[in-house]
Amino acid sequence: MSMKKLTGIHGMDKVLEKLPDDLQYFYKFGSNIESLNYEKKFDYENSFDEISVIGMILADNSGKYRIKLELFNVTGEIAFDMLNGFFLGFTIEDNFDLGYEIIKRYRITSAEQDISFEVFCEDISIELL
């Protein structure tokens, strides 16, 4: 899915202005993960509870473009083989119009079938570094 269809992601408009058209797909960034972090953060704005947050810094194959993604209020599963790397890409689906619960608005999955990577999150932010 093109990034252009994911207008609900915070910061997407700025990223699309600067990113070439041929790189406006998340699978173009999945094979070069520079950092992957998981942490619990306190949600001061909505729930006043701790939420799970995944942060990633990803680069395209040339290394010229880097994006920072943060996934907020995450549920699901991530598993990968350390020897063979993470995966060759991923997709993000916005399920807002499909009636999903708000905490499962976005579904993030691996582009490969043999990688166990399926998470849902309430909100996403993106930034071009």
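Key figures for this structure:
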item: Stretch gain in nm, segment His10-Glu77, where the contour uses 0.36 nm per residue and the Cα spacing is subtracted; result: 21.8 nm
item: Nearest-0.05 FRET efficiency for Phe48 and Thr91, computed from C-beta distance (R0 35 Å); result: 0.65
item: 19 Å Cα-Cα threshold exceeded, pairs from Lys4/Lys40; Lys41/Lys64; Lys28/Lys64; result: Lys4/Lys40; Lys41/Lys64
item: Amide H within-cut-off set for Tyr25, under 5 Å, with H built and near neighbours excluded; result: Met3
item: Ordering of 67-78, 6-17 by packing [mean C-beta count within 10 Å, highest first]; result: 67-78, 6-17
item: Pairwise FRET efficiency - Glu39 versus Glu127, Cβ, R0 = 22 Å, nearest 0.05; result: 0.80
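Bear in mind that the values in this text are calculations on the coordinates, not laboratory data. What you see is a predicted model, and the numbers here were worked out from it, not measured in a lab. Positions of Cβ are backbone-derived with ideal geometry, glycine not excepted, and every protein chain shown enters the neighbour counts.
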